[in-house]
Structure formats: structure tokens, C-alpha cells
Amino acid sequence: LAFMDSDKLSETDPEGGQNQRSFNEMRDNGLTILFTRKREAENYLCPSLVNGVDTISDYDDVKALASDKKILEKKWPQMTTEKILERDQYTDDGTVRNELKEVLIQILAIVD
């Protein structure tokens, strides 16, 4: 089992991100791989935690916006459960869902 950033540059990125291209072969060989809907883990950060950033879209390069390659390590500890659940929301066919919560459910189903 692997859980990886999608590295997608946009929602319609036809190739998917580099991680998706690299690991499709592993998936074809039976490895379960789950990818984030957003580009990177940094895209789940609250914009208020990133100096000089008002919004973070799903496909922004947050490390570049923050001029800090270690932004996730520095700021993730400040993410509360409520903030995570707010930032991982997406809408699917009119229903608001929580991606990371769904990923945890999938992981638990695999290890059971």
C-alpha cells in the first residue's frame, strides 16, 4: 500500500502527475496505490498558516508560493482536525465529502 501526492498540475491534467505515471506500473502489478486529489500535501494547509498567501488552490505549488521547501513540516503541526476536515473537502455530484477521511477508511479496509 502506498499513499502519494498526485502531483497533478490541474484537475484536467491528462497525464496525471509524475507520481501517477511512475507508479501505474506498480499498481498494474498488484500494489494498491492511493493518490491525493490535490497536487501535494501542502495544498491541504490552511492559507492563513502560509505567510503572504491568501488562497491555496488544489493545484498550486505551495512550496514555491511560500518560498519554503519545508513549509509542510513547519506548518502541519498547526493543522487541527477541524482545519484538516475543512481543507480536504470536495464536492462529488452535489455531496460534500472529506477526502482524507475516505482514504483512512480505504486503508483500514485493506489492512483488515
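The values are calculated or read from the model by the stated rules, or taken from the named source; none is laboratory data. Note that the structure is predicted; figures quoted are calculated from it, not measured. Cβ placement follows ideal geometry from the backbone for every residue including glycine, while neighbour counts extend to all protein chains displayed. The area values use the complete protein model at the heavy-atom level, side chains included, leaving out ligands, DNA and RNA. Shrake-Rupley method; radii C 1.70, N 1.55, O 1.52, S 1.80 Å.
Under 19 Å of direct C-alpha separation, and excluding same-chain neighbours fewer than eight residues apart, K38 reaches these lysines: K8, K63, K69, K70, K75, K83, K101. Taken about its Cα centre, segment 57-112 carries a charge dipole of about 400 debye when Lys and Arg each add +1 at the Cβ and Asp and Glu each add -1 at the Cβ. What is the extension gain from Q89 to I110, computed as 0.36 nm multiplied by their sequence separation minus the C-alpha to C-alpha distance, in nm to one decimal? Once the chain is fully extended between Q89 and I110, it gains 5.3 nm.
Restricting the GluC sites (Glu not before Pro) of segment 7-112 to loop positions (DSSP other than H, G, I, E, B) with no more than 13 neighbouring Cβ atoms within 10 Å leaves E11, E15.
With the cut-off at 24 Å, report for the chain the share of all Cα pairs above it, as a whole percent. Percentage above 24 Å: 29. Relative to the longest principal axis of the Cα atoms of the chain, helix 99-111 runs at roughly 30 degrees. The amide H of F35, built 1.01 Å from its N in the peptide plane, has M4 as neighbours under 5 Å, considering only residues 5 or more places off or on other chains. The stretch between K101 and T12, if pulled fully straight at 0.36 nm per residue, gains 29.7 nm over its current Cα-Cα span.
A simple charge model with +1 on the Cβ of Lys and Arg, -1 on the Cβ of Asp and Glu and nothing else charged puts the dipole of the chain at about 380 debye relative to its Cα centre. Element breakdown for segment 23-77 at a 1.4 angstrom probe: carbon and sulfur atoms account for 46% of the accessible area.
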